[in-house]
């Protein structure tokens, strides 16, 4: 059975994540044990019973979310015979998608996202910045706002195009503050500064991107028959060269999620699963196309219903 699979990004972590899966499935326990050995510390303990504030740190949240998503995808395949035909992941989730597509080994992806999280955190210390959500404005209008708020070396840019009317901006604190004021004055329904450690998906994290690209080059990627919709271009990629190119631009490029989901709906008319913690992507899909249902597969109860065929999967 084939399906489309979506993989969540940072912000979907929560205290106790993955424990119900590890309690229910020996295969999941094995994955977390291998992850502990790979990273050299007990990420399983951090996920299952650790300090929520420590879990939220970028360097920890990213591998924790990837692990959860990888475990879910494994259970879907091994217990329910469900394989992905096309995948997409929101920012960090693109690495989970690549694991599910067979383009990179799970533990290699874990190493990469651990380094990715650290580099992003360090970039936030070296070049302090912030992000804000702008609700109720079109992308072109938000881009104009960012352009007006940018001055000299201070920049504000569009970072995430999540769905119609929900756009995230990123950049220097002063420029983002200015963009928030302009957006509010021009009729944005809501403007909210986000609790983040840096200006992700902006030029401020270019040093992190450069170091990450060098690190990625030390790992093996494979061509895949599963279509991977990449964040940077909202295009389907298959070859290892295309994949590495997309990842090499991902940190400083906007996450074109709305465009990616519209491409998915053009290419796929079957079931869509959100594989990993939370239901953020299912919620975004409702705002992109209300006729499309995304089935959540992140908890033990949700997986057991899918495995037992209590929910309809084509």
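The values are calculated or read from the model by the stated rules, or taken from the named source; none is laboratory data. Values in this document were obtained by computation on a predicted structure and should not be read as measured data. Note that we place each Cβ from the backbone using ideal geometry, even for glycine, and neighbour counts take in every protein chain shown.
Here are a few things to note about the model shown:
One line per residue, one yes/no per condition, for (1) assigned by TED's automatic domain parsing to the domain that holds residue 13; (2) at pLDDT 95 or above; (3) assigned to a loop (DSSP other than H, G, I, E, B):
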{"site": "167", "(1), (2), (3)": "no, yes, no"}
{"site": "176", "(1), (2), (3)": "no, yes, no"}
{"site": "188", "(1), (2), (3)": "no, yes, yes"}
{"site": "191", "(1), (2), (3)": "no, yes, no"}
{"site": "219", "(1), (2), (3)": "yes, yes, yes"}
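- On inspection, residue 207 qualifies as surrounded by fewer than 17 Cβ atoms within 10 Å (Cβ to Cβ), under 30 Å from residue 237 (Cβ atoms), touching a helix residue (DSSP H, G or I) at 6+ places or on another chain (Cβ under 7 Å) and at pLDDT below 95.
- Within region 244-302, being in contact with a helix residue (DSSP H, G or I) (Cβ under 7 Å, 6 or more places away or on another chain), farther than 25 Å from residue 75 by Cα and touching a residue at least 40 places away in the same chain (Cβ under 8 Å) holds for 247, 250, 251, 252, 257, 258, 288.
- Among residues of region 25-59 being in contact with a helix residue (DSSP H, G or I) (Cβ under 9 Å, 6 or more places away or on another chain) and at pLDDT below 95, the one that is surrounded by the most Cβ atoms within 10 Å (Cβ to Cβ) is 58.
- Selection of helices (runs of 4 or more DSSP H) fully inside region 39-116 by the criterion of at least 2 residues being touching a residue at least 60 places away in the same chain (Cβ under 8 Å) and within 12 Å of the chain's Cα centre (by Cα) returns 58-80, 93-100.
- Test: residue 75 is at pLDDT 95 or above and within 21 Å of residue 29 (Cβ to Cβ): yes
- Residues located in region 7-24, provided they are surrounded by fewer than 20 Cβ atoms within 10 Å (Cβ to Cβ) and assigned to a helix (DSSP H, G or I): 19, 20, 23, 24
- Residue within region 128-144 that is under 17 Å from residue 252 (Cβ atoms), in contact (Cβ under 8 Å) with a residue 40 or more places away in the chain and out of contact with any strand residue (DSSP E or B) (no Cβ under 9 Å at 6 or more places or on another chain) present: yes
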